[in-house]
Amino acid sequence: MLESLSSSLQNVFRSLRGYGKLNEKNVKDALREVRMALLEADVHFRVAKDFTKQVRDRCLGQDVLESVTPGQQIVKRVHEEMTELFGGAHTDFNLEDRPAGVMLLGLHGSGKTTTAGKLAHYWMSSGKSVVLAACDIRRPAAVEQLSTLAKQEGAACVAPREGDTVPDVAARARREASEQQADIVIYDTGGRFQIDEDLVHELEEIREAVQPADTVLVLDAAIGQESVEVARRFHEAVGLTGLILTKLDGDARGGAALSVHSMTGCPILMTGTGERPEDLEPFYPERMASRILG
Ligand code: GDP
């Protein structure tokens, strides 16, 4: 998804590295090109502006221009700044409790249920036991999708019974997980086409019933700038501990991935890169910056 940004940036850096000596104008011109490349990749304009300003300050304020390899020094500064933009250090889930609760939420179609299955796969591959809770009780198809995924992964699945409310299902899943001494419960909650009071109320009810250590937004990165707005609104309404960005394998421009941390302050925990159970990776800001900058 971020290939075209990556190749535009690498072109800028190639020409910078070509100079034996650099002056302020070379740096400013190069950073203007970096900014254009970011905007083309659909990075939020404020993020692109702040990013290039920070890099410029770091480059012009230090001994970069006098160094033997000014081009490389600038690339190094861009790398550091991009790592910060992605959140700096890697953030993990809060899995200290047993069972640890992970509530997944997000808009309809963002990839919540698929991600619940992927997380079960990920944790079970490292020997943890997982219970999946089907809290999207209005959509029988979602319950069925989750129980199929659970079966594939060999995870337990708690589905709604006649007359259950959403918090009932969540609480039962938590209880069963405790009885089975499971390590993790993943709550797959109901989605909507937009964030409304009804959804926020339902999420609050689940949270009250099971007090999950993590409240994680599953965010479709392929919807571009809008995804940043969605994250901001969910964070304001329910308070998130982290984000999972899905569909980073798509052909959209990917700017959301670069903007969402700095626009919300929420760490990106993992990224979804396909539809298969194994297409989910922990997110390392430094590695992502390296991947983009080459
Ligand atoms: P939900 O409504 O939020 O539960 O969304 P689903 O889990 O049903 O996913 C919606 C669609 O997105 C499905 O077709 C999934 O296969 C697809 N999907 C989910 N995550 C990814 C991903 O990381 N990459 C791709 N390419 N597709 C994904």
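The values are calculated or read from the model by the stated rules, or taken from the named source; none is laboratory data. Quantities reported herein were computed from a predicted structural model and do not represent experimental measurements. Neighbour counts are summed over all protein chains in view; Cβ atoms, including those assigned to glycine, are modelled from backbone coordinates with ideal geometry.
For region 101-125, name all the residues that are under 18 Å from Leu240 (Cα atoms) and away from the ligand (no atom under 14 Å from the Cβ). Within region 101-125, Gly101, Val102 meet the criteria. Looking across region 57-85, the residues that are of a type outside the set (A, V, I, L, M, F, W, C), more than 11 Å from Leu22 (Cβ to Cβ) and assigned to a helix (DSSP H, G or I) come down to Asp57, Arg58, Lys76, Arg77, His79, Glu80, Glu81, Thr83, Glu84. In region 163-179, the residues that are part of a helix (DSSP H, G or I) reach residues that are acidic (Asp, Glu) with C-beta atoms within less than 8 angstrom, at least six apart or across chains, in these pairs: Val166/Glu202; Val166/Glu205; Pro167/Glu205; Pro167/Glu208; Arg172/Asp164. Just one of (1) of a type in the set (Val, Ile, Thr); (2) within 16 Å of the ligand (Cβ to nearest atom); (3) at pLDDT 95 or above fails for Ile195. It is (3). Annotation for region 162-176: no member residue is under 19 Å from Thr115 (Cβ atoms) and either at pLDDT below 95 or not aliphatic (A, V, I, L, M) (or both).
If the condition is being under 14 Å from Gly71 (Cβ atoms), under 27 Å from the mean Cα position of the chain (by Cα) and β-branched (Val, Ile, Thr), then region 20-43 contributes only Val34. Close Cβ contacts (under 6 Å, 6 or more residues apart or on different chains) running from residues in region 228-250 that are under 16 Å from Thr91 (Cα atoms) to residues that are in a helix (DSSP H, G or I) comprise Ile244/Thr115; Leu245/Ala221; Leu245/Ala257. Checking the structure you have, find out if any residue of region 132-153 is in contact with a Leu (Cβ under 9 Å, 6 or more places away or on another chain) and under 30 Å from Val55 (Cβ atoms). No. Which of the residues belonging to region 42-88 are of a type in the set (Gly, Ala, Ser) and surrounded by fewer than 16 Cβ atoms within 10 Å (Cβ to Cβ)? Correct list: Gly61, Ser67, Gly88. Selection of region 126-162 for residues being more than 15 Å from the ligand (Cβ to nearest atom), in contact (Cβ under 8 Å) with a residue 24 or more places away in the chain and either exposed (fewer than 14 other Cβ atoms within 10 Å of the Cβ) or part of a helix (DSSP H, G or I) (or both) yields only Gly154. A residue that is more than 18 Å from the chain's Cα centre (by Cα), away from the ligand (no atom under 15 Å from the Cβ), buried (at least 17 other Cβ atoms within 10 Å of the Cβ) and among the charged types (D, E, K, R) can be found somewhere in region 207-225. Being on the phi < 0 side of the Ramachandran plot and at pLDDT 95 or above is a property that holds for Glu275.
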